[in-house]
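Report on the structure given below.
The values are calculated or read from the model by the stated rules, or taken from the named source; none is laboratory data. Note that the coordinates shown come from a computational prediction; the quantities given were computed from them, not determined experimentally. Cβ sites come from the backbone with ideal geometry, for glycine too, and all protein chains shown count toward neighbours.
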Amino acid sequence: MGRTALFLVLGLGAAMGFIGFQMYRSGEIAADTQYAYLKYTNARNLARTAIHVALRTYDRGQTPSTGVYTDFGGGKFRLDSLRMSSDGDTLWLVSKGAYVESTYTVRVTLFRTTKPFPTVGAAIGIRAKPVNFTLAGHAEVDGKNYKLDGATLAGSGDLPGVTTMTNTDSATVASTGGTYVKGVPPVKVDTTTVDPLAFLEIYKENADFRYDVKGTYSGTTWGDTAHPAIVYCNAGDDTSFSIKFTGKVEGCGVLVVRGNVQFNGNLDFKGLVIVDGFNTVVDFGAAGTPAIVGGIIVAGNAGASVTLKGTGANAKARYSSEALAKARNIGKLRYYTILDWYE
Amino acid sequence: MSAMFDVVASSILFGILILAVARVQGNLNSTMYQNTYNMTTQTTAVEIARQVEHDFTKIGYRVTGQKIFTADSTEIRFSGALSYGGPIESVRHFWSDSPDTTTMNPLDHRLIRATTSGGAISQRLGITVFRLSYFDTLNHQIPTPVTGLAALSAIRSIKVQIRFESFEPIPEADTSLYFAVNWEKIIYPRNLGKPK
């Protein structure tokens, strides 16, 4: 009797053990399923992150590297391959994300282009009236199309030296500038000069260098031709020149000047210069050889006062489509359109 | 006399033990069933989530022109290649109008997935809610059914809400109680915004 009871108890114990094991297994399978989904979604997110990281690398003017894993959030991602069309406007990217043993691959074809860029119709295009325009010393404005170095002519694509909104202002500029204003023609009325206001917010948001505090800044470098930059000077309407740049000031890209700013010493800037404000007063250079190669747009709600000086050798404000292209193609000013996205 | 008392007493104790063990086993079995249903429901939810994500992220892949053809609250039909560089297929997901009578759950309907290459597959998954919502580029919801080429072309994201329930009610509980898993996600098919 006692032995039978013992066997029964043992049998029941074994049965309950089996049931308990099955319960444990089903719970474990459910957890595994959920965790597998977590791993899958994490790997997918990492693969997408790789694409975004690659594009942000382009934004910084650099080329993304391939085949190198980056650890992130317990997983890792990498750009497997990167191809670009000969004209640079189409990109093929393959990225991979890995989380534990889950991997995820994304294959993307993107069209790369630039954000809208203000049309520059002259070496200096003025969209303000009336215009107080002064060329002092040996300053020179030339609308012929120069190469990036500012010294060699491109051979085609010449523009006017200065455009204004009215005949009166054109006459003033022609009279003031004389033979120092060159171009095809030297001075012209152009009422289509673009209002740069619509572009300023983009430049402000993406500025690499911002000057919002009054003061004197010297020895400044704003990028170079390989890494053009966006500069935003917000001087306000203080006619006492609340922002001054002295010494060597050089750079490449987009230079936005809001309000009254004085550039002293040698200014050497390649790209687009936008001067905008309320009855804007801008002084480029005093002693030295200020040079702006690219294009200048001057806009003012109640007129503009622009002074170009060059008491040393000739100052230069020269049109250059090549320099403007550098500004247009700043990484931050590009955007991407999806042509195909496979994941 | 003493031996007889031992036999009777041990039989009573044995009977009590058997009853206790039987009850424990019953409870264990019930719990095991619940775990199994729970696991099945969760597994189904994950599998369908992956299926929906797999298909919906392919909307418009390799397609030029119109990409979504039907967009209703329980149905979507679109074009897209389902494999890398593969042929463009017509894909349709819809929740059947009538409940699935092959399960004990009175609320579940079948989800039908139809593709050009795979044909129509009626999936018995215990889905009691299948709701699709559509949003434009500004994340404004587009009323369903979305009709007209302009409205269909304006779709940029799709919100998917699915409720999975077990086929049978929870054992030894109110018969109207079912295990359930809710899954919802807004999917942004990247190919929807590409140029025509």
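Residues in segment A:127-138 that are touching a helix residue (DSSP H, G or I) at 6+ places or on another chain (Cβ under 7 Å) and assigned to a strand (DSSP E or B): A:VAL131, A:PHE133, A:THR134, A:LEU135. When B:ASP108, B:ASP97, B:ASP6 are checked against the criterion of being away from every other protein chain (no Cβ under 12 Å) and surrounded by fewer than 20 Cβ atoms within 10 Å (Cβ to Cβ), B:ASP97 stands alone in meeting it. Being modelled with pLDDT under 85 and either away from chain B (no Cβ under 14 Å) or in contact with a strand residue (DSSP E or B) (Cβ under 6 Å, 6 or more places away or on another chain) (or both) is the requirement here; does A:THR109 meet it? No: the conditions fail for A:THR109. Every test in (1) of a type in the set (Val, Ile, Thr); (2) surrounded by fewer than 18 Cβ atoms within 10 Å (Cβ to Cβ); (3) modelled with pLDDT of 75 or more is passed by A:ILE29 save one, and that test is (3). The one condition from (1) touching a residue at least 60 places away in the same chain (Cβ under 8 Å); (2) part of a helix (DSSP H, G or I); (3) out of contact with any Lys or Arg (no Cβ under 7 Å at 6 or more places or on another chain) that B:ALA150 does not meet is (1).
Of the residues A:THR119, A:THR113, only one is in a loop (DSSP other than H, G, I, E, B) and in contact (Cβ under 8 Å) with a residue 40 or more places away in the chain; which? Break it down stepwise before answering.
Details: A:THR113 fails: in a loop (DSSP other than H, G, I, E, B).
Just a single option satisfies the conditions, and that option is A:THR119.
Can you tell me which of B:PRO195, B:PRO169 is within 14 Å of another protein chain (Cβ to nearest Cβ) and either farther than 19 Å from B:GLU75 by Cβ or assigned to a strand (DSSP E or B) (or both)? Give the steps one after another, and end with the answer.
Working: B:PRO169 fails: within 14 Å of another protein chain (Cβ to nearest Cβ).
Answer to the check: B:PRO195.
Evaluated against (1) at pLDDT below 90; (2) closer than 25 Å to A:VAL131 by Cβ; (3) surrounded by fewer than 19 Cβ atoms within 10 Å (Cβ to Cβ); (4) hydrophobic (A, V, I, L, M, F, W, C), A:VAL189 falls short on exactly one condition, (1).
Figure legend. Inter-residue proximity from segment A:14-39: first residues more than 7 Å from chain B (Cβ to nearest Cβ), second residues at pLDDT 70 or above, beta-carbon distance below 6 Å, spacing 6+ or different chains. Indicated pairs: A:LYS39/A:TYR99; A:LYS39/A:VAL100; A:LYS39/A:SER102. Considering only residues that are farther than 26 Å from B:SER83 by Cβ and of a type in the set (Ser, Thr, Tyr), look in segment A:70-123 and name the one that is surrounded by the fewest Cβ atoms within 10 Å (Cβ to Cβ). Looking at residues that are farther than 26 Å from B:SER83 by Cβ and of a type in the set (Ser, Thr, Tyr), I get A:SER86. Looking across segment A:329-343, the residues that are surrounded by 21 or more Cβ atoms within 10 Å (Cβ to Cβ) and more than 14 Å from every other protein chain (Cβ to nearest Cβ) come down to A:ILE330, A:LYS332, A:LEU333. Just one residue in the set A:GLY219, A:GLY277 is modelled with pLDDT under 85 and over 28 Å from A:GLY61 (Cα atoms); that residue is A:GLY277.
Within segment B:162-172, is there a residue that is under 30 Å from B:MET32 (Cα atoms), under 17 Å from the mean Cα position of the chain (by Cα) and free of Cβ contacts under 8 Å to residues at least 40 places away in the same chain? Show your work before the answer.
Step one: filter segment B:162-172 for residues under 30 Å from B:MET32 (Cα atoms), giving B:162-172.
Remaining after also requiring under 17 Å from the mean Cα position of the chain (by Cα): B:162-169.
Keeping just the survivors that are free of Cβ contacts under 8 Å to residues at least 40 places away in the same chain gives B:163.
Yes, because at least one residue in segment B:162-172 is under 30 Å from B:MET32 (Cα atoms), under 17 Å from the mean Cα position of the chain (by Cα) and free of Cβ contacts under 8 Å to residues at least 40 places away in the same chain.
For segment A:55-76, state whether one or more residues are under 30 Å from B:ARG50 (Cα atoms), out of contact with any His (no Cβ under 8 Å at 6 or more places or on another chain) and within 14 Å of chain B (Cβ to nearest Cβ). Yes: one or more hits.
Going by the conditions given, is A:GLY178 at positive phi and touching a strand residue (DSSP E or B) at 6+ places or on another chain (Cβ under 7 Å)? No; evaluated as a whole, the condition is false for this residue. Quick one: would you say B:THR36 is of a type outside the set (Gly, Ala, Ser), assigned to a helix (DSSP H, G or I), touching a residue at least 12 places away in the same chain (Cβ under 8 Å) and closer than 17 Å to A:ILE29 by Cα? No.
Looking at (1) facing chain A (nearest Cβ under 10 Å); (2) touching a residue at least 24 places away in the same chain (Cβ under 8 Å), which is the one condition that is false for B:SER30? Here B:SER30 meets the rest and fails (1).
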